[in-house]
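Student: I'd like to ask some things about the structure below.
What follows draws every value from the coordinates through simple rules; no lab data is involved. None of these values were measured; they are calculated from a predicted model. Quick reminder, even Gly has a Cβ in these numbers, built from the backbone with ideal geometry, and neighbours come from all protein chains shown.
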Amino acid sequence: TSAQIGVTGLAVMGRNLARNFARNGFAVAVHNRTAAKTRALVEEFGHEGSFVAAESAEEFVAALERPRRLVVMVKAGEPTDAVIREFAPLLEPGDMIIDGGNAHFADTRRREQELREQGIHFVGTGVSGGEEGALNGPSIMPGGSAESYATLGPMLEKISAKAADGSPCVTHCGPDGAGHFVKMVHNGIEYADMQLIAEAYHLLRTVAGYEPAQIADIFRTWNTGRLDSYLIEITAEVLSHVDAATGKPFVDVVQDQAEQKGTGRWTVQIALDLGVPVSGIAEAVFARSLSGHSELREASRDLAGPKAAALGETEAAAFADQVEQALYASKIVSYTQGFHEIQAGSDEYGWNIDLGAVAAIWRGGCIIRAAFLDRIRAAYDARADLPSLLSDKGFAEEIGAAQDDWRAVLVAATQQGVPTPGFSAALAYYDALRAERLPAALTQGQRDYFGAHTYRRTDREGSFHTLWGGDRSEVPA
Ligand code: NDP
């Protein structure tokens, strides 16, 4: 038997991806370090399509038609290297190793380079959508060589999610680590989206005085408009859920300490290296870590806060509308920042990533899927070299129309002592970009004063230094 594709690593993701390939008519070779999982998969789901169970690496490789396409779906990090070390010697030039795990793009670049010397295509591929997506159609972000995409692309298109217009949620992001980089930023944006939604909830609960079930209804209404998205939809589900054991809202019985696996943190670390201000994503990562510092929070319980008075019923309804505006405006800013990071990564590594195509493949399958992404795609389609999403006329108009309410929400949040790091960072970014002059001129003066770091002038070319300790005359640097 010869299989068109193979999947090694049969935990939730690999198993569901293998089934997805099989259900789409591909013969799939399956393999797992612990062979019991391979047998279990074929026993349970063998009827769904054509599977070839392989017990050993040699059997697995032998089962694949050439050029071989081998999907690796194991724990990211060292396990991926271990699997590559095991399989690479068994492969031949032209074969492909497709890493669908959540690898760091720098690891992907290293692996791609090492395997290229052996003539093997290493295709670092972002996969989003969790286990459900892996089975029924994920959003897929492959990197690697254009040559590998020529035959792999059509297979991925078959198993991927489809956007509302029917187009497959997969595109060749660019060479080597481009796919995993795009997936990393996807997750960073996901963190920001979740934080903004959490802040909206917190405001509706604390300032407007709504109960979780009422807030669920508000989110359901928002989900019929411009905020229509998977994350808003599941937020309503979580908020309306009642804990069976206590009869309380589920959200009130869960510990308020958010965890993270690391892709949001990577997005911020890389943004720092690239010099890209992703303040909204950074605040989302920090908000999760702050929530986890229980000792710090415990020690701070008695700090003074404002005397808060909840709003009356009519005021509350009007406030909810303003929160929708603030959420939407802040969301535009997060995506502006995330796409800026992708552009910067693309420039740094020469990936030539098509930002409009990235927005298009995030419309379905992935966690941040949203109607909104169609707008982003349209913005980049209209102008591929858009300096920033905020320079798109449509987004500029919308955020301009939202800004009064956005500010009003932050006034209320400040007065009532509700932390809104995401909303606030987004507004600060917006106001900083708009500003005619920034206080950075003063910062430059300070740097020149204490460290002779020099500055540039608004009226003349060149760099200058002021003799601060002397007669304060200016000299060219
Ligand atoms: P896990 O990340 O839990 O990985 C378990 C799999 O890795 C098992 O098949 C295990 O084999 C294998 N494995 C671990 N160490 C080794 C090793 N040294 N050598 C060989 N195989 C090894 O599984 P998931 O399905 O959750 O995720 C797979 C990948 O997909 C990860 O990189 C993850 O980050 C990524 N991902 C996960 C998503 C999710 O929603 N879970 C979403 C998108 C991507 P064994 O059975 O023998 O222990």
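Student: In what order do THR267, THR224 fall by count of nearby beta-carbon atoms within 10 Å, going from fewest to most?
Tutor: Values: THR267 29, THR224 9.
Going from sparsest to densest Cβ surroundings: THR224, THR267.
Student: Also, I was wondering about something else. May I ask for the Rg/Rh ratio of the range 1-140, computed from Cα atoms with Rh as the Kirkwood radius, given to two decimals? Please report the intermediate quantities before stating the final value.
Tutor: Values: Rg = 13.8 Å, Rh = 14.7 Å.
Reported Rg/Rh, Kirkwood definition of Rh: 0.94.
Student: Could you give the length gained by full extension between GLU55 and LYS158, i.e. 0.36 nm per residue of separation minus their alpha carbon distance, to one decimal place? Provide the component values of the computation, followed by the final result.
Tutor: Values: separation 103, 0.36 × 103 = 37.08 nm, distance 2.72 nm.
Stretched fully, the GLU55-LYS158 segment lengthens by 34.4 nm.
Student: Could you line up ASP217, ASP107, ASP273 from fewest to most neighbouring Cβ atoms inside 10 Å?
Tutor: Numbers: ASP217 14, ASP107 19, ASP273 11.
In increasing order of surrounding Cβ atoms, one gets ASP273, ASP217, ASP107.
Student: What does the charge dipole of the range 145-234 about its Cα centre add up to, to the nearest 20 debye, if the Cβ of each Lys and Arg holds +1 and the Cβ of each Asp and Glu holds -1? Please list the in-between numbers first.
Tutor: Working: 6 positive and 11 negative charges, 16 e Å.
With only Lys, Arg, Asp and Glu charged at Cβ, the dipole is about 80 debye.
Student: What is the gain in length, in nm to one decimal, between ALA317 and ASP374 on full extension, counting 0.36 nm per residue of separation less the C-alpha to C-alpha distance? Show your work: numbers first, answer last.
Tutor: Values: separation 57, 0.36 × 57 = 20.52 nm, distance 2.92 nm.
Between ALA317 and ASP374, full extension yields an extra 17.6 nm.
Student: Further question on the same structure: Applying 1/(1 + (r/R0)^6) with R0 = 45 Å to the Cβ-Cβ distance of ALA150 and SER391, what FRET efficiency is obtained, to the nearest 0.05?
Tutor: Numbers: r = 35 Å, r/R0 = 0.77.
Calculated transfer efficiency: 0.80.
Student: Let me ask another. Pull out a ≥ b ≥ c, the square roots of the eigenvalues of the alpha-carbon gyration tensor of the range 353-411, then state rounded if a/c is under 1.5, prolate if not and a/b is larger than b/c, and oblate in the remaining case. Each step should come with its number before you reach the end.
Tutor: On the way: a/c = 2.98, a/b = 1.53, b/c = 1.95.
Oblate, because a/c is 1.5 or more while a/b does not exceed b/c.
Student: Sticking with this one: Within the range 390-451, which GluC sites (Glu not before Pro) sit in a loop by DSSP and count at most 11 neighbouring Cβ atoms inside 10 Å?
Tutor: Values: sites: GLU397, GLU398, GLU436; in loops: GLU436.
Counting only loop positions with at most 11 other Cβ atoms within 10 Å, the GluC sites (Glu not before Pro) in the range 390-451 are GLU436.
Student: Cross-link list LYS37/LYS183; LYS183/LYS261; LYS37/LYS158; LYS331/LYS393: which exceed 23 angstrom alpha carbon to alpha carbon? Before the final figure, lay out each step's value.
Tutor: Working: LYS37/LYS183 27 Å; LYS183/LYS261 14 Å; LYS37/LYS158 25 Å; LYS331/LYS393 16 Å.
Exceeds cut-off: LYS37/LYS183; LYS37/LYS158.
Student: Also, I was wondering about something else. For LEU296 and ALA401, FRET efficiency with R0 = 30 Å and r from the beta-carbon atoms, rounded to 0.05? Don't jump to the answer; show the numbers that get you there.
Tutor: On the way: r = 39 Å, r/R0 = 1.30.
In this case the efficiency is close to 0.15.
Student: Can you tell me how the range 377-464 classifies by the Cα gyration tensor, rounded, prolate or oblate, using a/c under 1.5 as the rounded cut? Kindly include the intermediate steps, with their values, before the conclusion.
Tutor: Values: a/c = 3.12, a/b = 1.35, b/c = 2.32.
Oblate.
Student: Assigning unit charges at the beta carbon (Lys, Arg +1; Asp, Glu -1) and nothing else, what dipole magnitude in debye, to the nearest 20, does the range 273-388 show about its Cα centre?
Tutor: Details: 10 positive and 16 negative charges, 46 e Å.
Dipole of the range 273-388, to the nearest 20 debye: 220 debye.
Student: Another question, if that's okay. Could you work out [θ]222 nm for the chain from helices alone, using -39500 (n - 2.57) per DSSP H run of at least four and dividing by all its residues? Round to the nearest 500 deg cm²/dmol.
Tutor: Only helices count here, giving -17500 deg cm²/dmol.
Student: Highest first, please rank the peptides 82-90, 360-368 by the mean number of other Cβ atoms sitting within 10 Å of their residues. Working shown, then result.
Tutor: Values: 82-90: 15.9, 360-368: 25.7.
The most tightly packed comes first, giving 360-368, 82-90.
Student: Using only the alpha carbons of the range 320-467, determine the length spanned along each of the three principal axes and report them from longest to shortest in whole angstroms.
Tutor: Here the spans come out as 59, 47, 24 Å, largest first.
Student: Within the set of other residues whose C-beta is less than 11 Å from the C-beta of ASN24, count the net charge using Lys and Arg as +1 and Asp and Glu as -1.
Tutor: Residues near ASN24 contribute +1 overall.
Student: OK, next. Using DSSP, restrict attention to beta bridges with both residues in the chain and report what percent are antiparallel, rounded to the nearest 5. Let's see the in-between values first.
Tutor: Details: 12 of 32 bridges.
Here the share of antiparallel DSSP bridges comes out near 40 percent.
Student: Could I ask something else about it? If a paramagnetic tag sat 7 Å from the Cα of ALA310 along the Cα-Cβ line, which residues of the range 208-236 would have the backbone N under 11 Å from that point?
Tutor: Residues 208-212 qualify, since their backbone N sits under 11 Å from the label point.
Student: For ARG110 paired with ARG456, estimate the spin-label separation in nm (one decimal), with each label point 7 Å from Cα along the Cα-to-Cβ line.
Tutor: 3.6 nm
Student: Along the Cα→Cβ direction, 7 angstrom out, place labels at VAL42 and VAL238. What is the inter-label distance in nm?
Tutor: Label at VAL42, label at VAL238, 4.0 nm between them.
Student: Between the range 412-459 and the range 339-408, how far is it from one alpha carbon centroid to the other, in angstrom?
Tutor: 24 Å
Student: Rounded to the nearest 0.05, what FRET efficiency do THR414 and ASP347 have when you use their Cβ-Cβ distance and R0 = 56 Å?
Tutor: Efficiency, rounded to the nearest 0.05: 0.90.
Student: OK, next. Is the C-alpha gyration tensor of the range 69-119 telling us rounded, prolate or oblate? Criteria: a/c under 1.5 is rounded; beyond that, a/b larger than b/c is prolate, otherwise oblate.
Tutor: On the way: a/c = 1.76, a/b = 1.38, b/c = 1.28.
Prolate, since a/c reaches 1.5 and a/b exceeds b/c.
Student: What order do you get for 280-287, 204-211 when each peptide is scored by the mean count of other beta carbon atoms within 10 Å, highest first?
Tutor: Working: 280-287: 25.1, 204-211: 19.5.
Ranked from most to least packed, the peptides come out as 280-287, 204-211.
Student: Okay, next question. What Kirkwood Rh does the chain have if only Cα atoms enter the pairwise 1/r average? Answer in Å. Present the calculation step by step, with values, prior to reporting the outcome.
Tutor: Working: mean 1/r = 0.0406 Å⁻¹.
Evaluated over the chain, this radius sits at 24.7 Å.
Student: Stretched out fully, how many nm does the piece from SER473 to ALA441 gain, at 0.36 nm a residue minus the Cα gap?
Tutor: Working: separation 32, 0.36 × 32 = 11.52 nm, distance 1.80 nm.
Value of the extension gain: 9.7 nm.
Student: For the range 225-335, what is the convex hull volume of its Cα atoms per residue in Å³? Working shown, then result.
Tutor: On the way: hull volume 21.0 nm³, N = 111.
So the per-residue Cα hull volume is 190 Å³.
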